[in-house]
Amino acid sequence: MARGRTSPKGVAEKQEFATRMTPASGQNASVRGVPTGWLAPTKVERGSLAVPIEVAAKVVSALVAPFIWLFSYFHDMIMFKIIDNEFIYNVSWEDPRIDQHLFKLTRDDHVLTIASAGDNALDYVIDGARVTAVDLNLCQIALSELKVAAIKSLPYDEFWRIFAESDIALLKARYPSHLRPLLCRTSQTFWDGYQHKIRNFMYAGTSGWAAYWLFRWIFPAFGLGFIRTHIMEKGSKEEFAALLEKHRGRIALLTWFLDHVCIEAASVLAGVPSSQLALGKHRKDNFAIIFANVFCAEHSDLVRDNYFFHGYLAGKYSKDCCPRYLREEHFEALRANLDEGRLELFNGTLEDRVAQCGGGGGGESGSEGTGSDDDEAASNPASKPFTVASLLDHMDWMPPRMVQNEISALMKHMDPVKGRVYWRSWSENVHSAPLMWLAPRRVADMNPGEEDRVCMYFVSSSGGGGGGTSGVGNKYACGGSRRL
């Protein structure tokens, strides 16, 4: 298929995103604050701090309040200026371990998802699924496509050095001869310039830049530099737990600062629009909750398991702590599946992509268009109905009408038997009324051995079929392009 360009409809939706960032309706109070099964942040006694948090809060709030108001006023304008000029997500910030246990993908599956940094799309391809990854930001497509090109054309050792250890000199050496010829024209244009700008993949893009300032500057400024030292020295979990207990006061000050001072600015760089941010503003301790479950929970292991935070803290991945697509034991299978054309990248909206599917694969047997779709699927596997739609958290951005339009378009092309829709949210509940039509079920994210390592989505949902709903859970599930 020829690579698609964003249609006039896609441009209009992009503008609507920027101008209609109002909180979605449908949120209820069935869960408030810390989700079920999550660790609540430890409260610090007032007397244990040299300067009580209450006093510091009032002083700092008074000083920064005018700047926070001004920044929030231009929040979405700034964020949407970034799109198509820079990639926001240098790492796919959703834990694919949850997806693996929920989807149990095979070669018969066709997954529709958001490309983001390409990490989770590649994770699905490892299992043999056919994947269609969509992104409105052409820079995200360029990042994903560069990874695909490297997997196809480089030996594993060089692929690892570039994307796990940020060997930019090697990237520049291999780009003209090995990588650039495999990229589409827009990706070539992006990387022709960006290869000279990038210094470290872990700190590239706006979210990477925010992570650099958070973990390399703000953490040490609050006396928490020992966290990075622990990661680099591969300390034990017991030693780390003792250090966290010793510095509870510093942690409380840091998380208060992040929750009350930094959240507006950080959310823009992390790709969080104001509508999504509003879904969690009733929680006054978002970062305290995240910190407790990422750093303090008994199951958490930042040295050997949680590659999301390990990478940002260390500035690189290790062989013990990295995404599946970077592991050597999956490299040949991943390359073979990519060579077979099991990944398609599409620049545009989900509605743009499903509009190319033809008459529709969902609905009851015998519905209009089903016969021709079967013939088309036989000759063009990318047109077969989707068995999984993994929508990440992007519906947090949308008002209810846009959610309804997208789901309505999508369901026409979902497999009527196996089709499952899965999404994450900053809200603790189903946040938009149209999603209730999918009969969403909360998905387990804290079962032993399957714990969510990101802990930034307070609920995930699934509907439309499939299982994966037993155990402790806070997530729900319902059941122009270029083939790579």
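The values are calculated or read from the model by the stated rules, or taken from the named source; none is laboratory data. Bear in mind the structure is a predicted one, so any value in this text is a computation, not a measurement. As a convention, Cβ positions derive from the backbone with ideal geometry for all residues, glycine included, and neighbour counts pool all protein chains shown.
At a glance:
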item: Qualifying residue in segment 219-237 (condition: of a type in the set (A, V, I, L, M) and outside any helix (DSSP H, G or I)); result: yes
item: Failed criterion for S275 (all others in (1) closer than 18 Å to N293 by Cβ; (2) of a type in the set (S, T, N, Q); (3) modelled with pLDDT under 85 hold); result: (1)
item: Residues satisfying the stated conditions in segment 292-309, i.e. out of contact with any His (no Cβ under 6 Å at 6 or more places or on another chain), within 18 Å of E238 (Cα to Cα) and surrounded by 22 or more Cβ atoms within 10 Å (Cβ to Cβ); result: A292, N293, N306
item: Matching residues in segment 325-353 - criterion: being of a type outside the set (V, I, T), within 25 Å of T186 (Cα to Cα), part of a loop (DSSP other than H, G, I, E, B) and out of contact with any Ser or Thr (no Cβ under 6 Å at 6 or more places or on another chain); result: E340, G341, R342
item: Selection count, segment 389-431, where residues are over 23 Å from W38 (Cα atoms), modelled with pLDDT under 90 and surrounded by 24 or more Cβ atoms within 10 Å (Cβ to Cβ); result: 1
item: Cβ-Cβ under 8 Å pairs, at least 6 apart or on other chains, segment 142-163 side closer than 12 Å to Y175 by Cα, far side polar (S, T, N, Q); result: L146/S187
item: Odd one out for W213, checked against (1) crowded, with 18+ Cβ neighbours inside 10 Å; (2) not in a loop (DSSP other than H, G, I, E, B); result: (1)
item: Residue check, L338 over 21 Å from G208 (Cα atoms), in contact with a helix residue (DSSP H, G or I) (Cβ under 7 Å, 6 or more places away or on another chain) and surrounded by fewer than 23 Cβ atoms within 10 Å (Cβ to Cβ); result: yes
item: Top-ranked residue of segment 282-291 - restricted to ones that are in contact with a helix residue (DSSP H, G or I) (Cβ under 9 Å, 6 or more places away or on another chain) and not small (G, A, S), ranked as surrounded by the fewest Cβ atoms within 10 Å (Cβ to Cβ); result: K284
item: Matching residues in segment 107-158 - criterion: being among the charged types (D, E, K, R), out of contact with any helix residue (DSSP H, G or I) (no Cβ under 8 Å at 6 or more places or on another chain) and either part of a helix (DSSP H, G or I) or surrounded by 24 or more Cβ atoms within 10 Å (Cβ to Cβ) (or both); result: D157
item: Filter result (under 15 Å from F163 (Cβ atoms) and out of contact with any His (no Cβ under 7 Å at 6 or more places or on another chain)) within segment 319-338; result: K319, C322, P323, Y325, L326, R327, E328, H330, F331, L334, R335, L338
item: Restricting segment 175-185 to residues that are assigned to a helix (DSSP H, G or I) and buried (at least 19 other Cβ atoms within 10 Å of the Cβ), the residue that is farthest from the chain's Cα centre (by Cα); result: Y175
item: Qualifying residue in segment 305-324 (condition: closer than 15 Å to A121 by Cβ, modelled with pLDDT of 95 or more and assigned to a helix (DSSP H, G or I)); result: yes
item: In segment 438-454, residue modelled with the lowest pLDDT [restricted to those that are among the small types (G, A, S) and surrounded by fewer than 19 Cβ atoms within 10 Å (Cβ to Cβ)]; result: G449
item: Residues (within 18 Å of F103 (Cβ to Cβ) and either part of a loop (DSSP other than H, G, I, E, B) or not aromatic (F, W, Y) (or both)) located in segment 417-438; result: V417, K418, G419, R420, V421, R424, L438
